[in-house]
Structure formats: structure tokens, C-alpha cells
Amino acid sequence: MTLKPLSTSALEMPRSGIRAVLDLAVRYPDAIHLEIGQPNFSTPEHIIASALLAAQQGFTKYTPNAGLLSLREAIAAKVRRENGFPAATENIIVTTGGMGGLYSAFTAVLNPGDELLVPDPGYPNYAMVAGLCRAQVVRYPLDAETGFQPDLESLPRLVTPRTKAIVVNSPSNPTGSIIPAEGMAALVAFARAHDLYLISDECYEKIIFDAQHVSPASYDEDGRVLSIFSFSKTYAMTGWRVGYAVVTPEVAAIFVKLQEATVACASSVSQKAAEAALSGPQDCIETMTHAYRRRRDRALAILQRHGSPTYTPQGAFYLLVDISGCGQNSDQFARDFLAQEKVAVAPGRTFGPRGDRYVRISLAASEEEIEVGLERLCSYISQRRSQ
Ligand code: PLP
């Protein structure tokens, strides 16, 4: 018997091009991995110790949907102190990583047929989740020539009566750009002028090199900004799956229902680990950011030596490398480059059509892997360009 078709929105969801490269890379056990955004640092010891203790002390059960009160208090204090906008426990929902927060934000805001403005290039999961909500993704361009900043003059032309929200990601994956204060204030003003929600993905807020992180919610006047944060990158805690959203109490009540229906709550042990991360020493952030900055500078030096057009990422831990003139789209390029040179990179196309000129390398790998991988990439690019 032929079974009925499975869910259209689930079937139509594009697969991440990064995972596709990762699957291919399994064939090459000695491949250098520059495709995935996974810090090569371990979670700091004091955080792990707190989690072990928490498990022994009985933090092994469901927590409230919104998260442990003690953690939400610590998060609210951090947001007031470091992100510069008012927050109380009623505004905080602890989520299963930034992805859990983004999923709830999209589900809370979007109706089928709504349009959502997302950056191009931008994190692929935005389009994936928007598709599940049956919303239409409208991509707003970020170009190297303008420092990958949103163009505030052309943005209004993308707005229609169906536009519901805009996603803003600073520091950005995959460009590493940071939106400065005046740009962020203008984006919030744009959202207000067109009555849009602004979903702010701040998962890389602490990985900054030469700029300052600005939270759009610090310009919010009427609760239209939904702010999503994560412990994953700040404290090298990707596997713990813990992040948080800062939203109005009305939106928080929706998040609570959504979490009950999907995950109940973030892992109790991970929540205690997150509490330790916030209350413990913060020098691990400086240590890791320093290492990412060094790797960025090494990477830029290699690109410059090879005469490759480049730009300076100001945060996150990614760098887009221009492959235009190589005669291949970025998917084919990443596949062939892996097969020939045994280096896995992320095809830029997975971040949107404007990404197709690039492959993305991750600075979360070791310095040596970055150097060897990037040298091979630059030689491969000049070889292809001269063909
Ligand atoms: N947002 C961006 C831009 C990311 O790159 C990632 C992960 O790579 C996330 C959100 C979600 O990360 P997590 O769910 O581990 O917090």
C-alpha cells in the first residue's frame, strides 16, 4: 500500500549545505574541518564541575517550562548590566540553545503567508524554520562592498502589507560583521515605522574583536524586539543546548506553551551549568576571543599574501572567502575542493543566493588547521582561476 505523503513543509525544508559537506567529509578521515561552527575549546572546568554537582544534588527532573527561577534571575541581571535594556524574570525564557529560542520566536510571530525579512547571506536555519511556519522568506542583501551592513535605504522597498518581521543577526554568521549603534537604532526605527517585529539573533554577542556589540532591544520602545541569546559560543557549550529569549511577558507566555508542547524545558543539568557560567569567572571569554582574533589575523595575512580579495570580520568566528571566477557554484566547489585537497569548507550558497560567491571557513578550528586549510584553498582558487 502506498502511504499518504508526509508533511509538505517538512519535506520541502532545505537541508543544510554544511551538513551535506560534513557527510561527504566522513570519506576522508584525515580531512581538515573548516566547515562547522564548533569551538575547538572545551567547556571551562568550573562549569562542568557545577553540572556534576547539580546532577548529584538532584537537578535531574523537569524544571518549569520557562526555566529555573535562579537562572532566569541571573540572566535578567546580565541583560540589564551587559546588554543595557530592562529585563525581569518575567521577560526571560530559558531555551534549548539559540535554535530553541529562534524556533519559538518564529512560531510565536509568524502566520502562514506572512513574509519575513532575513539577511542574505544569513544563517540557514532562519529559512528552514520560516518554511515550517509556512511563511515566505524575503532576503535582504548584505554586500561586501558595504561591509555586509543592511542597506537602510533599500529595506523599505522589500516591505509589503504581509511583512511581519525582520531577522537581525549581529555579530553575523557567516560574514562576521557587526551592526554599529546608529545602524541598529535605524533598524529598530525601520521596524517601528513599518510595524514589524524584530527578531534579534545575538548568539555571538561576546565573540567580538574590533567593535562593540549593541542589542537592538536597547532602542525598543514598544516590545517589538524579541532577543535571542545562547551559551553555546560564549562559553564553548554547544552540546549543552542552553540559550535564552528576552521578550515581553505576553510573548513569554506563548514561549512557555510552545516549550511545553515541544521540549518541556531546557535540560535541568545544563541550566545549572549555565548558572555557573554566568556567576563564575569570565576570563574564558577573553581567552577564546583572543584566540579567534589571532586566527582571524593569520587567515587574513594568508589571503592577502595570495592577493585574494578580502575584508575584516569584526566578530563571530567565520570568514567568507571569495571564489568568484572559479567557474563553479559554491556547492560544486566545496565538493571538488574536499575531494581533491581534503579540506571541508561550507558552501556559501547554503546562506542564501548572495553567498554563492563565497565559501565560509570557520575560525573555530585550530590555528594549524586554519593555516594548512587556507593555504590549500588559496592555491586551489588560483589554479581554478587560471584554467
Ligand atoms: N544563530 C546563529 C547565527 C548561529 O550560527 C547558531 C549556531 O551556529 C545559532 C544561532 C544557534 O546555536 P545554538 O542553538 O547552539 O545556541
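The values are calculated or read from the model by the stated rules, or taken from the named source; none is laboratory data. Keep in mind the model is a prediction, meaning the values are calculated, not measured. Positions of Cβ are backbone-derived with ideal geometry, glycine not excepted, and every protein chain shown enters the neighbour counts.
Reported count of residues in the stretch 190-238, each being touching a helix residue (DSSP H, G or I) at 6+ places or on another chain (Cβ under 9 Å) and farther than 23 Å from residue 108 by Cβ, is 14. Just one of the numbered conditions (1) in a helix (DSSP H, G or I); (2) away from the ligand (no atom under 16 Å from the Cβ) is not true of residue 258: (2). Residues in the stretch 231-245 that are closer than 18 Å to residue 63 by Cβ and buried (at least 22 other Cβ atoms within 10 Å of the Cβ) were compared, and the one that is farthest from the chain's Cα centre (by Cα) is 240.
Please enumerate the residues belonging to the stretch 14-70 that are over 30 Å from residue 345 (Cα atoms), assigned to a loop (DSSP other than H, G, I, E, B) and touching a Lys or Arg at 6+ places or on another chain (Cβ under 6 Å). Please lay out each step first, then the result.
The initial filter retains those residues of the stretch 14-70 that are over 30 Å from residue 345 (Cα atoms), namely 45-70.
Restricting the remaining residues to those that are assigned to a loop (DSSP other than H, G, I, E, B) gives 57-68.
Listed by number, the list holds a single entry, 59.
For the stretch 207-255, the set of residues classified as in a loop (DSSP other than H, G, I, E, B) and under 15 Å from residue 101 (Cβ atoms) consists of 215, 231, 232, 233, 234, 237, 241, 242, 247, 248, listed by residue number. Scanning the stretch 1-19 for residues that are without any contact (Cβ under 8 Å) to a residue 12 or more places away in the chain and either under 16 Å from residue 129 (Cβ atoms) or charged (D, E, K, R) (or both) returns 4, 7, 8, 11, 15, 19. Comparison of 252, 274, 217 shows that the only residue that is more than 22 Å from residue 124 (Cβ to Cβ), within 14 Å of the ligand (Cβ to nearest atom) and crowded, with 18+ Cβ neighbours inside 10 Å is 274. For the stretch 117-138, what are the residues that are away from the ligand (no atom under 15 Å from the Cβ), closer than 25 Å to residue 152 by Cβ and outside any loop (DSSP other than H, G, I, E, B)? Matches in the stretch 117-138: 117, 136, 137, 138. In a residue-by-residue description of the stretch 186-206, the property of being surrounded by fewer than 16 Cβ atoms within 10 Å (Cβ to Cβ), away from the ligand (no atom under 16 Å from the Cβ), part of a loop (DSSP other than H, G, I, E, B) and at positive phi applies to at least one position.
Residues of the stretch 77-100 include none that is outside any loop (DSSP other than H, G, I, E, B), crowded, with 19+ Cβ neighbours inside 10 Å, modelled with pLDDT of 95 or more and basic (Lys, Arg). Of all residues in the stretch 101-125, exactly one satisfies the criterion of being surrounded by fewer than 23 Cβ atoms within 10 Å (Cβ to Cβ) and hydroxyl-bearing (Ser, Thr, Tyr), namely 107.
The C-beta contact set for the stretch 118-143 (first residue touching a residue at least 12 places away in the same chain (Cβ under 8 Å) and among the small types (Gly, Ala, Ser), second residue in a loop (DSSP other than H, G, I, E, B) and within 14 Å of the ligand (Cβ to nearest atom), distance under 7 angstrom, 6+ apart or interchain) comprises 122/352. At negative phi, at pLDDT 95 or above and not assigned by TED's automatic domain parsing to the domain that holds residue 185, is that true of residue 213? No, not satisfied.
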